[in-house]
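**Q** Got a structure here, written out as structure tokens. Questions coming.
The values are calculated or read from the model by the stated rules, or taken from the named source; none is laboratory data. Keep in mind that what you see is a predicted model, and the values were worked out from it rather than measured. Ideal geometry is used to build each Cβ from the backbone, glycine not excepted, and the neighbour counts take in all protein chains shown.
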């Protein structure tokens, strides 16, 4: 049940999807893997929307080079754990939800405990090895994975429903080479917004998700294009999962 | 024959978003990519690995359909085809 303050806070979106929809958001647990360029906008908007339980995972501390894009981290936070910095701001935006933070590295050992009770996983990472691990966990536990990645003015985003859609390994069997990537803050802003929008639609059960569609953002030309993708019958990660 | 090359992200920065190239009949995907490389060292470095094969992370599509395995190099292009080249991005 929503209390009077919650009904007031969310009144403009309850107009869209009713109290039932808001209660769906309130009862959801969302894991946000990484609270950098993508994780900051994703966490901000899911917090404001009233997703009841956010688990924010990041092992880094805030550096000055983060500040052009990681909008929850401010100049005063340099040297502070990103989870602590983000948690402080998110709790100030919405004190009515649970913001759980975990300053840990996502690896084979920690991942199951961090992820298995989640309704949704948001991939806001900056490297493919951890993304592939999240994908493996998503396939193992049957949890949707909302993928986003950026470089420069370019971004890509897709929604992975294990057993139904192409998984990350079907779409990108091989990781691109590691690099210190150039980026302008608006790019993860755009892609993070689309990821958050996908999460909300999934939790509400409304609209059409980016299933088997890779959305590609060209910020220099302000063009969004869709690339159709499909499951790889020989995929090492998801081919064993039946539809 | 004429083949349209549709480039995304970094490839687009190097060769432009859409190009139409004249190729000999029977040209393979590899042949088309080598043709593009001939005009740009930067493209060659982004598209090929040190062994001279198409870099494994580069996504290739013909007429919107993903190609994989040995087709990535050997599939023969047809007049009017669109070859799309997409490099996944990794940042977050």
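**Q** Check residue A:115 against each of (1) more than 30 Å from residue A:220 (Cα to Cα); (2) within 14 Å of chain B (Cβ to nearest Cβ) and name the one condition it does not meet.
**A** All conditions are met except number (2).
**Q** Could you please let me know if residue B:60 is within 12 Å of chain A (Cβ to nearest Cβ), under 26 Å from residue A:219 (Cβ atoms), in contact with a helix residue (DSSP H, G or I) (Cβ under 7 Å, 6 or more places away or on another chain) and not in a loop (DSSP other than H, G, I, E, B)?
**A** Details: within 12 Å of chain A (Cβ to nearest Cβ): yes; under 26 Å from residue A:219 (Cβ atoms): yes; in contact with a helix residue (DSSP H, G or I) (Cβ under 7 Å, 6 or more places away or on another chain): yes; not in a loop (DSSP other than H, G, I, E, B): yes.
In short, yes.
**Q** Mind checking which residues of region A:132-155 are surrounded by fewer than 24 Cβ atoms within 10 Å (Cβ to Cβ) and within 13 Å of the chain's Cα centre (by Cα)?
**A** A:143, A:144
**Q** If you don't mind, there's one more thing I want to ask. Return a yes/no flag: does region A:228-243 have any residue that is surrounded by fewer than 18 Cβ atoms within 10 Å (Cβ to Cβ), free of Cβ contacts under 8 Å to residues at least 12 places away in the same chain and at the interface with chain B (Cβ under 10 Å from one of its Cβ atoms). Spell out the reasoning first.
**A** Our first condition is that a residue be surrounded by fewer than 18 Cβ atoms within 10 Å (Cβ to Cβ); within region A:228-243, this holds for A:228, A:230, A:233-234, A:236, A:239-243.
So of that shortlist, the ones also free of Cβ contacts under 8 Å to residues at least 12 places away in the same chain come out as A:233-234, A:239-240.
Still in the running and at the interface with chain B (Cβ under 10 Å from one of its Cβ atoms): A:234.
Yes, region A:228-243 contains a residue that is surrounded by fewer than 18 Cβ atoms within 10 Å (Cβ to Cβ), free of Cβ contacts under 8 Å to residues at least 12 places away in the same chain and at the interface with chain B (Cβ under 10 Å from one of its Cβ atoms).
**Q** With the condition being in contact with a helix residue (DSSP H, G or I) (Cβ under 7 Å, 6 or more places away or on another chain), surrounded by 18 or more Cβ atoms within 10 Å (Cβ to Cβ) and touching a residue at least 60 places away in the same chain (Cβ under 8 Å), I'd like the helices (runs of 4 or more DSSP H) fully within region B:8-47 carrying at least 1 qualifying residues. Give the steps one after another, and end with the answer.
**A** Working: elements: B:9-15, B:29-38, B:41-47.
Filter on region B:8-47 gives B:9-15.
**Q** Restrict the check to region A:192-209 and report whether at least one residue is at pLDDT 95 or above, within 20 Å of residue A:47 (Cα to Cα) and within 13 Å of another protein chain (Cβ to nearest Cβ).
**A** At the first step, the residues of region A:192-209 found to be at pLDDT 95 or above are A:192-209.
Going one step further and asking which of them are within 20 Å of residue A:47 (Cα to Cα), we end up with A:192-206.
Within this subset, residues satisfying the condition of being within 13 Å of another protein chain (Cβ to nearest Cβ) are A:192, A:195.
Looking through region A:192-209, at least one residue is at pLDDT 95 or above, within 20 Å of residue A:47 (Cα to Cα) and within 13 Å of another protein chain (Cβ to nearest Cβ).
**Q** Moving on to the next point. If you take the residues in region A:151-191 that are part of a strand (DSSP E or B) and within 21 Å of residue A:228 (Cβ to Cβ), which one is farthest from the other protein chains (Cβ to nearest Cβ)? Give the steps one after another, and end with the answer.
**A** Let us first name the residues in region A:151-191 that are part of a strand (DSSP E or B), namely A:151-152, A:154-160, A:183.
Remaining after also requiring within 21 Å of residue A:228 (Cβ to Cβ): A:154-160.
Numbers: A:154: 4, A:155: 7, A:156: 6, A:157: 10, A:158: 11, A:159: 16, A:160: 14 Å.
Among those that are part of a strand (DSSP E or B) and within 21 Å of residue A:228 (Cβ to Cβ), it is A:159.
**Q** Go through the residues of region B:71-82 one by one and say whether even a single one is surrounded by fewer than 18 Cβ atoms within 10 Å (Cβ to Cβ), modelled with pLDDT under 95, assigned to a loop (DSSP other than H, G, I, E, B) and within 14 Å of another protein chain (Cβ to nearest Cβ).
**A** no
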